[in-house]
1. Looking at the stretch 576-597, can you tell me whether even one residue there is assigned to a strand (DSSP E or B), hydroxyl-bearing (Ser, Thr, Tyr) and either in contact (Cβ under 8 Å) with a residue 60 or more places away in the chain or closer than 17 Å to LEU548 by Cβ (or both)?
2. Condition check: modelled with pLDDT of 95 or more and either in a helix (DSSP H, G or I) or not charged (D, E, K, R) (or both). Does PHE631 satisfy that?
3. Suppose we keep only residues that are of a type in the set (D, E, K, R) and closer than 21 Å to LEU236 by Cα within the stretch 329-366. Which one would you say is nearest to the chain's Cα centre (by Cα)?
4. Restricting to the stretch 493-510, and then to whatever is exposed (fewer than 14 other Cβ atoms within 10 Å of the Cβ) and in a loop (DSSP other than H, G, I, E, B), can you tell me which residue is modelled with the highest pLDDT?
5. Say whether the condition of being surrounded by 15 or more Cβ atoms within 10 Å (Cβ to Cβ), out of contact with any Phe, Trp or Tyr (no Cβ under 7 Å at 6 or more places or on another chain) and among the charged types (D, E, K, R) is met by at least one residue in the stretch 200-223.
6. Is it the case that some residue within the stretch 200-211 is more than 22 Å from TYR106 (Cβ to Cβ), under 26 Å from the mean Cα position of the chain (by Cα) and not basic (Lys, Arg)?
7. Would you point out which residue out of ALA357, ALA345 is small (Gly, Ala, Ser), closer than 30 Å to ASP45 by Cα and in a loop (DSSP other than H, G, I, E, B)?
Amino acid sequence: MTVHTAPPGDGDRIIDEPLSEALSRRYLAYALSTITGRALPDVRDGLKPVHRRLLYAMRQLRLDPNTTAKKCARVVGDVIGRFHPHGDVAVYEALVRLAQDFAQRYPLIDGQGNFGNIDGDNAAAMRYTECKLTDAAQLLLDGIDEDAVDFRPTYDGEDEEPVVLPAGFPNLLANGASGIAVGMATSIPPHNAAELIDACLLLLENPNAETAELMAHVKGPDFPTGGVIVEPQASLVETYATGRGGVRVRARWEKEETGRGTYQIVVTEIPYQVKKADLVEQLAELIENKKAPLLGDVRDESAEDVRLVLEPKSRNVEPEVLMESLFKLSALESRFSVNMNVLDARGSPGVMGLRQALKAFLDHRREVLVRRARHRLEKIEARLHILDGLLIAYLNLDEVIRIVRYEDQPKAKLIETFELSEIQADAILNTRLRQLAKLEEMEIRREHAELAEEREGILKMLASDKAQWKLVGVGLRSVREVLGPDTALGKRRSTFAEAPQVDADAAIEAMIVREPITVILSERGWIRAAKGRVEDPSELKFKEGDKLAFVVPAETTDKLLIFASDGRFFTLGCDKLPSARGHGEPLRLMLDLEDRVGIVDIFPHRPGTRRVIASKEGYGFILPEEEAISFRRAGKQVLNAGAKGAAFAMPLAGDHIAVIGDNGKILVFALAELPEMPRGKGVKLQSYREGGLRDAAIFKAEEGASWIDSAGRTRVWPEWRDWLGKRAAAGKLAPKGFPTSKRFRPK
């Protein structure tokens, strides 16, 4: 019998529960904290907690646009000490990003000092930099002191912080956002604020407006770094309707003549979130590795503005062709992923489209308007209450003076005599003697009338939904004047265009000198290209234990197709093959080719050629060679080869095919019985009880069939029609004298 004794010391803190449940509960709490408290922005103000706390802390430090900036270290210290108990480095990085005009479409912080640059250099330390709020940030904070939003206790309970900012403009879409939470992420591109406001005004006029109607105003993203958006319109509409998709953006460039028929390309804007220094390095590597044959040189001549100079390899290269080739190879074109995953007004994460996001913003603006109006109404009511008491005092001035002068408890006597409240009595007692003049009475009556009129207006507005929405529109129109397209900040930077249809590959091929070569592949998979034609393959040298597998005549402009035993085709440019001065390079380093996968055949691509491809299981079809081309390292799966692998890929040079199995039986049938397919398993060529397909031969019926014996002599097969049948039949045993290898050609 086991006796359980109480654990010593802090034993009462031990919890007896399954580890899986304990981990699940704690990880769920962590996940929710990350989603709601760090990674996802609020749909109403477009801010994450750290950004909201930064702006609020700066507001409390009175760092308005028209004041003197203060050290960033002061701001960061306030934020982490009062609102955000995290590392100072993370908070400073968030502050820096809000100040970078190449990261934020509408910067919310005005930074003074080194705040990094588009090259990717870091900002100076926070003790060297200073900051204050921008006008855009003021619009987000406007009304925060008028009970426009809810506040909650800070992490230590000593202070309060806003749950959300009043948000005078749709900051979520205007500045965009990105973040990675647990199990979800967000990626929202920046947009033009004036266009967003126009779309909001359309929604106010027509609440049922669809996404396509809103996109008459919101054309698409407006990146702070500019660029040219080449995403098709239909794709953009789908992205904004669902909240998921992507946007292709390209660098902006222009052609500069340099005299004597030469030119250079000048890139003036690069895609959003692309570091210029990394882009220059990438282009230089393309030149060094000869992967951009049309590009001769790249220089960075940037000062404050971006200026990348690209020199073509030859003046005969068209600038459009050069740029199209570079868009494919480099970050001069990038795809911004769109995933509008945000927190709604209840704090629940979800993906929203353009219409939903703008509707949520408008609902928030209406709530802010109503709350500010009620706050103002309370102030008016309190002031009118005091003014009512003062007017009573003016009407009974002599009695009020007598009570104040002769009564022992004037306050109580005033309340009793004139039925005043304590607040009114205090206001009368606090009135100075000089304020008892007739002019002061007239001023109080005027103020009372104005406030009463304002109160009536507010009450009417609060009682009418239509009036509330109208005031929301008025507020948005005033904001549009500050951030409108006529201002330097509000002018659209990204433009739209269609990607030109240019055959960059053909231009690259045209730059390659056309020369005859011989492609040599060894049994161990080492490939090389020898100049000219190799007349005697026996003179070729290989590593010890290796020997020749394939020798293929080709030209430097050819595309080399490699057929693997797993049914994949790989494509290599013959101009990129290693030289035959050495033993070449392992093919498996150039392609994603596993050791267990063998090479069935290699041949240069000839446009218009069709091939019969088949698996050893006896299935096949006719394949146009164009369908086999793919420059991906992983190749292109064309034939479902099965467990036994691929058998052959023969050019379609005839009208009949003779197939032979491992069992020695031959079947001849017309090629018209085979389907033409881009990929798949194919149809059965020949039936076998055991074994599989060994070999095949394609021939023309009028020329007859033949085979080559082991001595290399061609043997005519005049009676081939005796083996003629329908596809998928078993066939008959090979004729007398057929090679014992059961192949039509020696391997």
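1. Of the stretch 576-597, the ones assigned to a strand (DSSP E or B) are 579, 585-586.
Cutting the leftovers down to hydroxyl-bearing (Ser, Thr, Tyr) gives us 579.
The next check asks that each one be either in contact (Cβ under 8 Å) with a residue 60 or more places away in the chain or closer than 17 Å to LEU548 by Cβ (or both); those that pass are none.
Scanning the stretch 576-597, I find no residue that is assigned to a strand (DSSP E or B), hydroxyl-bearing (Ser, Thr, Tyr) and either in contact (Cβ under 8 Å) with a residue 60 or more places away in the chain or closer than 17 Å to LEU548 by Cβ (or both), so the answer is no.
2. Working: modelled with pLDDT of 95 or more: no; either in a helix (DSSP H, G or I) or not charged (D, E, K, R) (or both): yes.
No; evaluated as a whole, the condition is false for this residue.
3. Of the residues in the stretch 329-366, the ones of a type in the set (D, E, K, R) are 333, 335, 344, 346, 355, 359, 363, 365-366.
Narrowing further to those that are closer than 21 Å to LEU236 by Cα: 333, 335, 355, 359.
Details: GLU333: 12, ARG335: 6, ARG355: 20, LYS359: 24 Å.
Checking each candidate, the answer is ARG335.
4. Among those that are exposed (fewer than 14 other Cβ atoms within 10 Å of the Cβ) and in a loop (DSSP other than H, G, I, E, B), it is ALA497.
5. yes
6. Yes - at least one qualifying residue is present in the stretch 200-211.
7. Details: ALA357 fails: in a loop (DSSP other than H, G, I, E, B).
The conditions single out ALA345.
Residue-wise test of (1) part of a loop (DSSP other than H, G, I, E, B); (2) assigned by TED's automatic domain parsing to the domain that holds ILE392; (3) surrounded by 13 or more Cβ atoms within 10 Å (Cβ to Cβ).
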residue	(1), (2), (3)
GLU443	no, yes, no
ALA449	no, yes, no
LYS460	no, yes, no
GLY475	no, yes, yes
SER478	no, yes, no
LYS491	yes, no, no
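The values are calculated or read from the model by the stated rules, or taken from the named source; none is laboratory data. Since the model is a prediction, treat every value here as computed from it, not as a measurement. Here the Cβ is made from the backbone with ideal geometry for all residues, glycine too, and neighbour counts use every protein chain on show.
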